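Structure first, commentary second.
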Amino acid sequence: MQANRIAALAVFLVSVSALSGCQQGGPFGFLTSPPDAEGGSTPATATRLVERDVEAPEVFQVTETALWDGRPSLGGVWVAYPDVTDPERVIIRNSANGKFVIGALFRRDRPATGAALQVSSDAAEALGMVSGQPAELNVTALRRDETAVPVTEEAETTPPPDGEIDSEPLAAAAAAIASAEAVEPDPAPTPAPRQPQASALAKPYIQVGIFSVQANATRTGETLRQAGVVPTVYDQESRGKRFWRVVVGPAGTATERAQLLEKVKGLGYSDAYFVTN
C-alpha cells in the first residue's frame, strides 16, 4: 500500500512539472506558446511629400530635327520650336547617343527650310551635338508632382551597428555646452522671420535661364547683380541630372514685373520669361 502511494505521488509530481513547463515555455520547443500577435510592437510610420519631375507629353512633346549653328548663346540650356504657346520646362533627349538634359522651351518663327528645332550652345554641348550637323531630338514638357513617401520612425532612430556610439561628437558637444555655460552671455533677441514679398501675381518671378554648368549660372548671377538686379540661383536635380536655375523676383505688381523683365532683357537675356517660382 505504501508503495502505491509513493508511485501515485511520483506521477502527480511529474504531471505538475510538465504543466509548469507548458505555461512558462519550458525546454520543449513544441510546448512553447506562440507570442501574442497583438502584443508585438509595430514600427511607427509617417509620410513626407517628395517633389519630382514627371513627363507631361499631353502638354508638349515633339521629335524633330534640331540644329546648332555654332554661335554662343545666352540663357543657358534651351530649345525653340514653332507653335509654342508658353515657355515650358522640358527634358531634351538626343536620340542618337541617349544623352539628355533639362532646359527651357521657347517659341520661334517657323523656318522656311531646315531643322524645326533651334538649339542653344549650352544645350548642344550637353547633348553632344556638333555645330552645323542636324540631330534628332525628343522634347517633352515636365511638371512638378508631389508624392507621399512612407518614413519609418524605427529606421530613422536605429543606433550604430554593434551598439557602438561615436564619442567624438558627444565630447565636442559637451565641450561646447561647457564653454557656453561658462560665458553666460545675455540672451540675444530672436530676429523676426523674413517674410516673402507679398504679390498678387500668379507668376511674380522671372526665370533668366536654366544651366547645366554651375559656373555659367554663377556668371549670369554676377552679371545681374552688377546691374542692380538680385538673382536667386536654384541648385536642382531631375532624373539624375543636376541643373541650375537663375530666377529674379518676386515682383509685387505687374508694372514692377514688366520693368524688371525689360531690365533683364536689356542685359542680353532676351528669352527670360515669367514663372511661378
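Any read-out appearing in this document is the output of simple, stated calculations on the displayed coordinates, not a laboratory observation. None of the values given here were measured: they were computed from a predicted structure. Ideal geometry is used to build each Cβ from the backbone, glycine not excepted, and the neighbour counts take in all protein chains shown.
If the chain linking ARG143 and GLU125 were pulled fully straight, counting 0.36 nm for each residue of separation and taking away their Cα-Cα distance, it would gain 4.0 nm. One chain, two ends: TYR234 and ARG108. Fully extended at 0.36 nm per residue, the span grows by 42.7 nm beyond their Cα-Cα distance.
Global size of the stretch 205-275: 12.0, 38 Å for Rg and Dmax (C-alpha atoms, Rg to one decimal, Dmax whole). Couplings 3J(HN,Hα) for the stretch 92-103, derived from phi with the Karplus relation 6.51 cos²θ - 1.76 cosθ + 1.60 (θ = phi - 60°), are 10, 10, 8, 5, 6, 10, x, 6, 8, 8, 8, x Hz, where x marks Gly and Pro.
Amide H to amide H, with H built 1.01 Å from N, ALA116 comes under 5 Å of THR65, counting only residues 5 or more places away or on other chains. Residues whose amide H comes within less than 5 Å of that of ALA272, counting only those at least five positions distant or on another chain, are absent (H built at 1.01 Å from N in the peptide plane).
Measuring from label point to label point, each 7 Å out along Cα→Cβ, what is the ALA258 to GLN61 span in nm? According to this spin-label approximation, the distance is 3.8 nm. Under 5 Å between amide hydrogens, built in the peptide plane, is the criterion, and for GLU136 it picks out ALA66, SER95, ALA96 among residues at least 5 positions away or on other chains. Backbone geometry of the stretch 117-123 corresponds, through the Karplus equation with coefficients 6.51, -1.76 and 1.60 at θ = phi - 60°, to 3J(HN,Hα) couplings of 9, 9, 10, 6, 5, 5, 5 Hz, x marking Gly and Pro.
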